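This report refers to the structure that appears directly beneath it.
The values are calculated or read from the model by the stated rules, or taken from the named source; none is laboratory data. Quick caveat: nothing in here was measured; it's all calculated off a predicted structure. In this analysis, Cβ positions are derived from the backbone assuming ideal geometry, glycine residues included, and neighbour counts consider all displayed protein chains.
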Amino acid sequence: MAVGAVALAVLLVASGTAFAQPPAPAQGPAPAGRGRGAPPPETRIVSFEARPATLRPGESAVLSWVIENPPSATGFGGFGTIDQGVGRVIPRGTIRVTPKATTTYTLTAGAATKTVTVTIPGTTPVTGTGTSTATGPGIPRTPDGKPDFSGVYGWANLFGGAGRGGVGPAPGPTLKPGAEKYRVNRAANPQDTGATSDCMPLIPPNSFSVPYEFQIIQNKDYLVIFHEYPGSFRIVPLNDEPHQVDPDPAWLGDSVGKWDGDTLVIDTIGYNDKTEINGYHHTEDLHTVERLRRVDGGVDYELTIEDPNVFAAPWKMTRQFRVADPPRKRIFEFVCENNRDYRPLFGDKK
């Protein structure tokens with residue numbers, strides 16, 4: 001881990017701040033007409049470009065875009081779409097395409113559209129929105145035809161960005177009556193320095209919310225997820241085998257996987273009660289179901305969370321992860337050598 005990153009982690013731990021979540025954007029005065037019941041702000045495509053715009057056969061271009069106020073069914077975490085097989089995209093990003101002929105790409109966000117054309121002289125322009133000649137590498141697959149998730153992925157960035165993932169809408173859960181005690185209250189525990197400051201294992205969605213990349217390695221029998229922080233991993237069998245009978249509670253639980261068409265479903269039980277989920281404690285009855293769908297340039301991710309002792313009903317979160325940019329073959333080593341309370345070093349004796 002770089003010295004600068006260590007220093008940042010130390011300062012954040014010392015201040016009692018969890019560094020798992022990006023800072024919220026500054027909020028200025030609400031514009032006129034933006035009060036309760038006012039219509040949402042207009043979606044605008046700030047830019048949509050292709051570089052280079054003219055290719056020779058076999059060459060690639062990079063599409064880049066910026067969407068302002070992307071539409072969302074829940075009012076947060078909106079997306080756009082690019083045709084010609086690219087699919088759903090985060091508000092700000094890039095993707096590499098390798099068309100076989102002159103191709104026009106259309107970016108759509110709500111009612112806003114913008115097009116760019118990648119020209120290959122001497123070819124017949126592609127018409128329509130099909131994928132037969134317009135896409136680059138597309139969705140990678142294993143020898144047995146399953147989507148291949150192997151790769152290094154960027155963390156879920158709340159505000160989008162090239163090579164990063166976008167966080168989908170995350171309506172908060174409803175606690176059961178009498179379950180308020182499961183809400184995390186760090187102010188009541190001065191020894192608690194933050195959700196990620198002790199370097200203990202994290203479970204979804206927290207494990208995907210820290211500013212460190214993760215890597216997936218897959219073969220026909222197993223999928224393994226390695227998290228750079230805090231240096232943890234999960235091994236998921238892919239043969240739809242049943243869960244262990246009454247598994248001993250574990251930090252990362254007992255995961256089994258199965259295929260639902262091209263979607264990988266990871267079902268996990270057997271958690272201990274030492275981890276958190278987005279500001280809530282849970283019990284050993286926690287049950288999570290993850291659905292991963294490989295898309296060109298990344299992974300669409302959906303998580304369903306259920307704990308009958310804590311939440312009134314199952315609740316869902318979605319994310320979109322992007323392949324690391326620039327691409328790389330492995331994540332870095334991360335070893336927690338100083339997982340202790342640093343506040344006394346800064347004069348705080350409490």
| request: Consider only pairs whose beta carbons are under 7 Å apart and that are at least six residues apart or on different chains; among these, list those whose first residue lies in the stretch 102-117 and is closer than 10 Å to Ile45 by Cα and whose second residue is of a type in the set (Phe, Trp, Tyr) and part of a strand (DSSP E or B). | output: Leu107/Phe48; Leu107/Trp65; Lys114/Phe48
| task | Kindly indicate whether any position in the stretch 146-158 is modelled with pLDDT under 50, within 25 Å of Pro211 (Cα to Cα), in a strand (DSSP E or B) and not aromatic (Phe, Trp, Tyr). | result | yes
| task | Among the residues of the stretch 219-228, write down those that are touching a Lys or Arg at 6+ places or on another chain (Cβ under 8 Å) and in contact (Cβ under 8 Å) with a residue 60 or more places away in the chain. | result | Lys220
| Would the stretch 195-215 turn up any residue that is exposed (fewer than 14 other Cβ atoms within 10 Å of the Cβ) and outside any strand (DSSP E or B)? | no
| request: Name every residue in the stretch 282-302 that is modelled with pLDDT under 95 and not charged (D, E, K, R), in order of residue number. | output: Val295, Gly297, Gly298, Val299, Tyr301
| said: Cβ contacts < 6 Å: first residue under 16 Å from Tyr301 (Cβ atoms), restricted to the stretch 242-268; second residue part of a loop (DSSP other than H, G, I, E, B), any location; separation 6+ or different chain. Result? | reply: Gly257/Leu238; Thr268/Gly253
| query | Within the bounds of the stretch 218-230, is there any residue that is touching a Ser or Thr at 6+ places or on another chain (Cβ under 8 Å), among the charged types (D, E, K, R) and outside any loop (DSSP other than H, G, I, E, B)? | reply | no
| Within the stretch 258-270, is there a residue that is assigned by TED's automatic domain parsing to the domain that holds Asp192, over 30 Å from Arg141 (Cβ atoms) and either in contact with a Leu (Cβ under 6 Å, 6 or more places away or on another chain) or modelled with pLDDT of 90 or more (or both)? | yes
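Yes/no per residue for (1) touching an Asp or Glu at 6+ places or on another chain (Cβ under 6 Å); (2) crowded, with 18+ Cβ neighbours inside 10 Å:
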{"residue": "Thr288", "(1), (2)": "no, yes"}
{"residue": "Leu292", "(1), (2)": "no, yes"}
{"residue": "Tyr301", "(1), (2)": "no, yes"}
{"residue": "Thr304", "(1), (2)": "no, no"}
{"residue": "Asn309", "(1), (2)": "yes, no"}
{"residue": "Ala313", "(1), (2)": "no, no"}
{"residue": "Arg322", "(1), (2)": "no, yes"}
